[in-house]
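One structure below.
Throughout, read-outs are computed from the coordinates displayed, never taken from laboratory work. Worth saying up front: this structure is predicted, and the values here are computed from it rather than measured. All Cβ positions, even for glycine, are placed from backbone atoms using ideal geometry, and neighbour counts span all protein chains on display.
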């Protein structure tokens, strides 16, 4: 099954059904690349850079339809992949 969110169509990833489903989007405006692959490689390099400030994600909760913006860079003491406790801000709901 596929879903479209903010103009991006994605396929469902099989996950354990006891957990809620989320669509997580990170975007970057890339300039000065010659093709799509080069742009994607640059974006991946930015994401993997430990000093990167590219820490803002838009997250859609498929259960509620709500969308939040999560900035993981706002709280460097957060416990990794756990539920965000700081840096979460609702931007709009569908």
When the chain is fully extended, how far beyond the present Cα-Cα distance does residue 69 get from residue 39, taking 0.36 nm per residue of separation?
8.4 nm
Most exposed first, judged by fewest Cβ atoms within 10 angstrom, 60, 48 run 48, 60
Calculate the spin-label point distance for residue 21 paired with residue 53, positioning each point 7 Å from the Cα along the beta-carbon direction, and give it in nanometres.
3.6
May I ask you to derive the FRET efficiency for residue 32 and residue 61 from their Cβ-Cβ distance with R0 = 25 Å, giving the value to the nearest 0.05?
0.10
So how do 23, 44 line up by other beta-carbon neighbours within 10 Å, fewest first?
44, 23
